[in-house]
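Step one of this worksheet: look at the structure below.
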Amino acid sequence: MSFRGMLREMKGEVGAISRRGLLRPRTPSVRRVAAVAPEEATRQGCCWAELPPELLREVLARVEEAEPRWPRRRDVVACAGVCRTWRGVVKEIVRVPAESGKLTFPISVKQPGPRDAPMKCFIRRNRTTQTYYLYIGLTDALTDDGKFLLAARKGHRPTCTEYLISLDRSDTSRGSHACIGKLRSNFLRTKFTVYDAHPPHAAAGFSNRWSAGNYPVSHVHYELNVLGSRGPRRMRCVMHSIPVSAIEQGGTAPTQTGFPSSNDNSSASLPFFKSKSCRMDSFTAPLSIQDQEESKLVLKNKSPRWHEHLQCWCLNFHGRVTVASVKNFQLVATDESAPTNQEHDNTTLQFGKIGKDLFTMDYRYPLSAFQAFAICLSSFDTKLACE
Amino acid sequence: MAATTADGSKVVGGGEKSNVDEESKMITLFSSDGERFEVTQEAAAMSQTIHHMMEDGCVDDEGVHLPNVGSSILAMVIEYCNRHVASPDEKEDIRSFDAGFVNVEHHTLFDIIRAANYLDVKELMDLCCQTVADSIKSKSVEEIRELFGIVNDFTPEEEAEIRKENQWAFE
């Protein structure tokens, strides 16, 4: 038989198959047997659930790319809530903030910020309710409507202050599932501990009894400098959850990928909120061998220069801070093991006043929005002042 | 632009067939329901699937059978290809045409995407995928499910988490 003859036969076969109709695997959304031309089946009900995976990915990738900024970025989150298939595809497409420079899901606030340029946020303070609200800017302006990220409410206790940090602006109560961490001071408000409600590292190495939610992840220490209260205070942050290697070439910082399910029995007891003592906690979560051996990242505030002409301490905030305040600071990574205690050039966290009860907060890798926010709260709280 | 010839087959677009040059060579396409379409090879070649068949010499005198594409959708795809081949440089016109082209029922859009995917017409797939992506904008989870006829297959616990996630996102 000639080649053409064989082709003709094959086509005849295929044509015959199409005329008979193919029985396709059923899904809940298919309501008719495909014994007619393919498109007629779809007129009865929608067959979008049968969209080939590569096309679904193409569509969702376009949604993700089209909306890099809030508030429109919520479209990406909405797509991830449609069904399991869509959620899987969106989760594959969305990259962590360290790579994409974008915040998407709530867990983004716990993940290290972008490496290239800082994430520009701002904080609004409500003095009446003693609550602080963190927003990410919608534009490049110093402040705008912003997209809400986190809220923190100050609680006074006999021997310390405590800030509960929550994903829900209207719920910063103890025991709330929306609470992702807290900041606690010592009696003198010179030392602070940041607690994460969830394990900073992946579950490996931690036994179940520690998944309850009281993980010290950093300590912030304020001191007067050599000029005493006549000079700017010194800040030193030890990031227990971030190794120094994170800021070295090719290094990575621990990245949480999701919140533990609220179904988790261990989280139901929430000893996170049961501790009565306000004594400075020692690092109580069990350290893996790796943790113990690796040096932790230390951040210190950049030393301002005394400006004789202006008679003030000056730091270059690149236009992001416009009002002088003792609270303003820039934190840089410091290699304490190096002989000359070198400072890295890139500012990891910058915080400063721009108006009444309004502050900018710019953070970058390896800090997360949550850690940055907690450190900034300590700046509000500490009592070390500068004359 | 369709005209019926003596033997009942439809000639869709194609322009004049006066000169013997490559562009005006015709090819016959058969939809899944047996309807015949005469198309210029140039327009047909916008489909990579058909283009490869033509290159590989798999197209005989009869034409190309497309068992996965029905006549109404195939007619639309051919109209798209003809338009894009006719005046590829007139960007404004093309854009206007494209906007009108995808202004169809949502389920028709689904059929066009499937056909464009099968026929591998990249420009048409891009256009349709972008249209679908645009249709998702500013919609809630429930609205998206309704538009696409998608069943919620999350467990109640998962659904509760997703609700919180969306509450934060729409804050």
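The values are calculated or read from the model by the stated rules, or taken from the named source; none is laboratory data. Keep in mind that what you see is a predicted model, and the values were worked out from it rather than measured. Here the Cβ positions follow ideal geometry from the backbone for every residue, glycine too, while neighbour counts run over all protein chains shown.
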Condition test on B:Ser138, is it at positive phi, more than 16 Å from the chain's Cα centre (by Cα) and of a type in the set (Ser, Thr, Tyr)? yes
Test A:Arg20 against the criterion of being more than 9 Å from every other protein chain (Cβ to nearest Cβ) and at pLDDT below 50, and give yes or no. yes
For the stretch A:35-49, how many residues meet the condition of being crowded, with 16+ Cβ neighbours inside 10 Å and either modelled with pLDDT of 95 or more or more than 8 Å from chain B (Cβ to nearest Cβ) (or both)? 1
Only one of A:Gly81, A:Gly113 is modelled with pLDDT of 95 or more and over 19 Å from B:Arg163 (Cβ atoms); which? A:Gly113
What number of residues within the stretch A:111-138 are farther than 18 Å from A:Val94 by Cβ and in contact (Cβ under 8 Å) with a residue 24 or more places away in the chain? 17
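Results for (1) more than 28 Å from the chain's Cα centre (by Cα); (2) at the interface with another protein chain (Cβ under 7 Å from one of its Cβ atoms); (3) β-branched (Val, Ile, Thr); (4) crowded, with 18+ Cβ neighbours inside 10 Å, shown as yes or no for each residue.
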| position | (1), (2), (3), (4) |
| --- | --- |
| B:Phe97 | no, no, no, no |
| B:Asp111 | no, yes, no, yes |
| B:Ala115 | no, no, no, yes |
| B:Asp120 | no, no, no, no |
| B:Met125 | no, no, no, yes |
| B:Gly149 | no, yes, no, yes |
| B:Asp153 | yes, yes, no, no |
| B:Ala160 | yes, no, no, no |
Tell me, yes or no, whether the stretch A:119-129 has at least one residue that is over 14 Å from the mean Cα position of the chain (by Cα), of a type outside the set (Lys, Arg) and crowded, with 20+ Cβ neighbours inside 10 Å. yes
Scope the stretch B:85-98; condition outside any loop (DSSP other than H, G, I, E, B) and out of contact with any helix residue (DSSP H, G or I) (no Cβ under 9 Å at 6 or more places or on another chain); matching residues: B:Lys91, B:Glu92, B:Arg95, B:Ser96
Do we find that B:Val132 is facing another protein chain (nearest Cβ under 9 Å), within 13 Å of the chain's Cα centre (by Cα), of a type in the set (A, V, I, L, M) and under 26 Å from A:Ala80 (Cα atoms) in this structure? yes
Could you tell me which of the residues A:Ala333, A:Ala369 is modelled with pLDDT of 95 or more and in contact with a helix residue (DSSP H, G or I) (Cβ under 8 Å, 6 or more places away or on another chain)? A:Ala369
Of the residues in the stretch A:156-177, how many are crowded, with 21+ Cβ neighbours inside 10 Å and closer than 25 Å to B:Ala160 by Cβ? 5
Of the residues that make up the stretch B:68-84, is at least one part of a loop (DSSP other than H, G, I, E, B), more than 24 Å from B:Cys129 (Cβ to Cβ) and hydrophobic (A, V, I, L, M, F, W, C)? no
Take B:Asp61 and tell me if it is at negative phi, modelled with pLDDT under 90 and of a type outside the set (Phe, Trp, Tyr). yes
What's the total number of residues in the stretch A:71-82 that are within 17 Å of the chain's Cα centre (by Cα) and either within 7 Å of another protein chain (Cβ to nearest Cβ) or of a type in the set (Ser, Thr, Tyr) (or both)? 2
In the stretch B:43-67, which residue that is surrounded by fewer than 20 Cβ atoms within 10 Å (Cβ to Cβ) and in a helix (DSSP H, G or I) is nearest to the other protein chains (Cβ to nearest Cβ)? B:Met53
Please go through the stretch A:146-160 and give me each residue that is touching a residue at least 60 places away in the same chain (Cβ under 8 Å) and farther than 18 Å from A:Phe370 by Cα, ordered by number. A:Arg157, A:Pro158, A:Thr159, A:Cys160
Taking the stretch B:2-42 as the region of interest, how many residues are in contact with a helix residue (DSSP H, G or I) (Cβ under 6 Å, 6 or more places away or on another chain), modelled with pLDDT under 90 and assigned to a strand (DSSP E or B)? 1
I'm checking my understanding of the structure. Among residues of the stretch A:301-318 that are touching a residue at least 60 places away in the same chain (Cβ under 8 Å) and surrounded by fewer than 20 Cβ atoms within 10 Å (Cβ to Cβ), which one is farthest from A:Gly355 (Cα to Cα)? A:Ser303
In the stretch B:75-95, is there at least one residue being in contact (Cβ under 8 Å) with a residue 24 or more places away in the chain, within 14 Å of chain A (Cβ to nearest Cβ) and within 25 Å of A:Pro53 (Cα to Cα)? yes
Tell me which of these A:Thr85 doesn't satisfy, since it passes every other one: (1) in contact with a Phe, Trp or Tyr (Cβ under 7 Å, 6 or more places away or on another chain); (2) within 11 Å of chain B (Cβ to nearest Cβ); (3) among the hydroxyl-bearing types (Ser, Thr, Tyr); (4) more than 20 Å from A:Tyr363 (Cβ to Cβ). (1)
Quick one: how many residues across the stretch A:134-174 are polar (S, T, N, Q) and assigned to a strand (DSSP E or B)? 2
Among what's in the stretch A:56-70 and is over 16 Å from A:Pro97 (Cα atoms) and more than 9 Å from chain B (Cβ to nearest Cβ), pick the residue that is surrounded by the fewest Cβ atoms within 10 Å (Cβ to Cβ). A:Arg57
Consider the stretch B:162-171. How many of its residues are part of a helix (DSSP H, G or I), within 7 Å of chain A (Cβ to nearest Cβ) and farther than 21 Å from B:Ser135 by Cα? 3
